[in-house]
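The values are calculated or read from the model by the stated rules, or taken from the named source; none is laboratory data. As the structure is a computational prediction, the values presented were derived from the model and not from experiment. Virtual Cβ from ideal backbone geometry, glycine too; neighbours counted across all protein chains shown. Just so you know, the surface numbers come from the protein's heavy atoms only, side chains and all, with ligands and any DNA or RNA stripped out. Shrake-Rupley method; radii C 1.70, N 1.55, O 1.52, S 1.80 Å.
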Amino acid sequence: MVPFYDSLLVKLTAWDNTLPAASRRADRALREFRIRGVKTNIPFLENVVNHPQFQAGETTTGFLAERPELFHFVRRRDRATRLLRYVGDVIINGNPHVAGKPRPETFETPFMPKVHHGEAAPAVRGPSSRARSEKIRRVGARRKAPDGDRHHLPRRAPVAAGHARPHRGSA
(Lines give C-alpha, C1' and ligand atoms only; values in the text may rest on other atoms or scores of the structure.)
Protein backbone atom coordinates (compact mmCIF):
# COMPACT_ATOMS: atom_id res chain seq x y z
CA MET A 1 0.00 0.00 0.00
CA VAL A 2 1.23 3.46 -0.84
CA PRO A 3 2.07 5.34 2.39
CA PHE A 4 1.05 8.74 1.00
CA TYR A 5 -2.25 10.32 0.02
CA ASP A 6 -3.34 13.32 -1.98
CA SER A 7 -5.69 15.40 0.17
CA LEU A 8 -6.64 17.51 -2.87
CA LEU A 9 -7.79 14.58 -4.94
CA VAL A 10 -11.38 15.78 -4.78
CA LYS A 11 -13.38 18.47 -3.00
CA LEU A 12 -16.68 17.81 -1.26
CA THR A 13 -19.19 20.47 -0.25
CA ALA A 14 -22.44 19.74 1.57
CA TRP A 15 -25.15 22.12 2.73
CA ASP A 16 -28.52 22.13 4.44
CA ASN A 17 -30.54 24.38 6.75
CA THR A 18 -28.92 22.99 9.90
CA LEU A 19 -25.40 21.79 10.67
CA PRO A 20 -26.52 18.26 11.68
CA ALA A 21 -28.47 17.89 8.42
CA ALA A 22 -25.51 19.16 6.38
CA SER A 23 -23.27 16.74 8.30
CA ARG A 24 -25.57 13.84 7.38
CA ARG A 25 -25.36 14.83 3.71
CA ALA A 26 -21.58 15.08 3.90
CA ASP A 27 -21.39 11.69 5.63
CA ARG A 28 -23.48 10.06 2.91
CA ALA A 29 -21.36 11.60 0.16
CA LEU A 30 -18.16 10.45 1.88
CA ARG A 31 -19.50 6.90 2.23
CA GLU A 32 -20.35 6.85 -1.50
CA PHE A 33 -16.82 7.75 -2.64
CA ARG A 34 -14.92 4.94 -4.36
CA ILE A 35 -11.24 5.85 -4.67
CA ARG A 36 -8.70 3.12 -5.38
CA GLY A 37 -4.93 3.07 -5.36
CA VAL A 38 -4.17 5.90 -2.92
CA LYS A 39 -4.87 6.44 0.75
CA THR A 40 -7.39 9.16 1.50
CA ASN A 41 -8.55 11.00 4.60
CA ILE A 42 -12.18 9.93 4.07
CA PRO A 43 -12.41 7.83 7.29
CA PHE A 44 -11.08 10.78 9.29
CA LEU A 45 -13.59 13.17 7.68
CA GLU A 46 -16.43 10.72 8.40
CA ASN A 47 -15.40 10.70 12.07
CA VAL A 48 -15.34 14.51 12.16
CA VAL A 49 -18.74 15.11 10.51
CA ASN A 50 -20.38 12.47 12.72
CA HIS A 51 -18.95 13.81 15.99
CA PRO A 52 -21.71 15.34 18.21
CA GLN A 53 -19.57 18.35 19.15
CA PHE A 54 -18.94 19.12 15.46
CA GLN A 55 -22.65 18.78 14.62
CA ALA A 56 -23.53 21.10 17.50
CA GLY A 57 -21.16 23.73 16.11
CA GLU A 58 -19.11 23.76 19.33
CA THR A 59 -15.67 23.13 17.83
CA THR A 60 -12.59 25.20 18.57
CA THR A 61 -9.08 25.30 17.13
CA GLY A 62 -8.13 22.57 19.62
CA PHE A 63 -10.93 20.22 18.50
CA LEU A 64 -8.65 17.76 16.70
CA ALA A 65 -5.95 17.76 19.36
CA GLU A 66 -8.52 17.12 22.10
CA ARG A 67 -10.23 14.26 20.22
CA PRO A 68 -7.75 11.42 19.51
CA GLU A 69 -10.72 9.11 18.81
CA LEU A 70 -11.16 10.94 15.48
CA PHE A 71 -7.99 9.17 14.31
CA HIS A 72 -9.25 5.63 15.07
CA PHE A 73 -10.67 4.18 11.88
CA VAL A 74 -12.87 1.15 11.33
CA ARG A 75 -11.27 -1.31 8.92
CA ARG A 76 -13.20 -1.28 5.67
CA ARG A 77 -14.11 -4.32 3.64
CA ASP A 78 -12.66 -3.16 0.37
CA ARG A 79 -13.23 -6.08 -1.97
CA ALA A 80 -12.48 -4.08 -5.12
CA THR A 81 -8.96 -3.19 -4.00
CA ARG A 82 -8.34 -6.78 -2.90
CA LEU A 83 -9.44 -7.98 -6.33
CA LEU A 84 -7.20 -5.44 -8.09
CA ARG A 85 -4.24 -6.53 -5.96
CA TYR A 86 -4.91 -10.18 -6.81
CA VAL A 87 -5.15 -9.46 -10.55
CA GLY A 88 -1.95 -7.39 -10.41
CA ASP A 89 -0.17 -10.15 -8.50
CA VAL A 90 -1.25 -12.80 -11.03
CA ILE A 91 -0.19 -10.61 -13.95
CA ILE A 92 3.25 -9.97 -12.44
CA ASN A 93 3.96 -13.25 -10.64
CA GLY A 94 1.71 -15.72 -12.45
CA ASN A 95 -1.04 -17.83 -10.93
CA PRO A 96 0.38 -20.42 -8.50
CA HIS A 97 -2.69 -22.66 -8.98
CA VAL A 98 -1.85 -23.31 -12.64
CA ALA A 99 1.96 -23.21 -12.36
CA GLY A 100 3.57 -26.21 -14.04
CA LYS A 101 0.43 -27.30 -15.90
CA PRO A 102 0.84 -27.72 -19.68
CA ARG A 103 -0.65 -25.05 -21.96
CA PRO A 104 -2.61 -26.31 -24.97
CA GLU A 105 -0.81 -26.00 -28.32
CA THR A 106 -3.95 -24.76 -30.08
CA PHE A 107 -7.36 -23.54 -29.11
CA GLU A 108 -10.66 -24.49 -30.72
CA THR A 109 -12.15 -21.89 -33.02
CA PRO A 110 -15.37 -20.63 -31.42
CA PHE A 111 -18.63 -21.10 -33.33
CA MET A 112 -19.91 -17.85 -34.82
CA PRO A 113 -23.60 -17.90 -35.82
CA LYS A 114 -24.61 -16.41 -39.15
CA VAL A 115 -26.29 -13.03 -38.76
CA HIS A 116 -28.25 -11.27 -41.50
CA HIS A 117 -27.33 -7.59 -41.55
CA GLY A 118 -30.30 -6.22 -43.50
CA GLU A 119 -32.07 -2.92 -43.12
CA ALA A 120 -33.51 -2.08 -39.74
CA ALA A 121 -37.25 -2.47 -39.37
CA PRO A 122 -39.19 0.82 -39.29
CA ALA A 123 -40.23 2.09 -35.90
CA VAL A 124 -43.69 0.97 -34.89
CA ARG A 125 -45.96 3.91 -34.26
CA GLY A 126 -49.70 3.84 -34.00
CA PRO A 127 -52.06 6.40 -35.52
CA SER A 128 -52.50 8.15 -32.18
CA SER A 129 -48.79 8.90 -31.83
CA ARG A 130 -48.67 10.22 -35.42
CA ALA A 131 -51.64 12.47 -34.72
CA ARG A 132 -50.04 13.78 -31.52
CA SER A 133 -46.76 14.47 -33.33
CA GLU A 134 -48.60 16.39 -36.07
CA LYS A 135 -50.60 18.40 -33.53
CA ILE A 136 -47.45 19.28 -31.58
CA ARG A 137 -45.77 20.39 -34.82
CA ARG A 138 -48.77 22.57 -35.79
CA VAL A 139 -49.08 24.18 -32.35
CA GLY A 140 -45.33 24.88 -32.24
CA ALA A 141 -45.40 26.50 -35.67
CA ARG A 142 -48.45 28.63 -34.80
CA ARG A 143 -46.89 29.93 -31.57
CA LYS A 144 -43.55 30.93 -33.08
CA ALA A 145 -42.68 34.61 -32.98
CA PRO A 146 -41.45 36.29 -36.18
CA ASP A 147 -37.86 36.10 -34.92
CA GLY A 148 -38.25 32.34 -34.27
CA ASP A 149 -38.34 32.67 -30.47
CA ARG A 150 -41.27 30.70 -29.02
CA HIS A 151 -40.52 31.25 -25.34
CA HIS A 152 -41.55 34.88 -24.98
CA LEU A 153 -45.05 34.67 -26.46
CA PRO A 154 -47.98 34.87 -24.04
CA ARG A 155 -49.98 31.69 -23.62
CA ARG A 156 -53.59 31.64 -24.78
CA ALA A 157 -56.13 32.25 -22.06
CA PRO A 158 -57.93 29.12 -20.84
CA VAL A 159 -61.49 28.59 -22.00
CA ALA A 160 -64.12 29.18 -19.32
CA ALA A 161 -66.19 26.18 -18.25
CA GLY A 162 -69.18 25.62 -20.51
CA HIS A 163 -67.74 27.69 -23.38
CA ALA A 164 -66.26 25.84 -26.28
CA ARG A 165 -63.31 27.24 -28.18
CA PRO A 166 -64.02 27.15 -31.93
CA HIS A 167 -62.03 24.45 -33.70
CA ARG A 168 -59.22 25.71 -35.90
CA GLY A 169 -60.53 26.02 -39.47
CA SER A 170 -64.23 26.32 -38.54
CA ALA A 171 -66.13 29.48 -39.36
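What the table shows:
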read-out	value
Probe 1.4 Å, all protein chains present, accessible-area order of Val74, Val98, largest first	Val74, Val98
Karplus 3J(HN,Hα) series, Hz, for the range 80-91 with 6.51 cos²θ - 1.76 cosθ + 1.60 (x for Gly, Pro)	5, 5, 4, 5, 4, 4, 4, 4, x, 5, 5, 5
Charge tally in the Cβ shell below 12 Å around Thr59, where Lys, Arg are +1 and Asp, Glu are -1, Thr59 excluded	-1
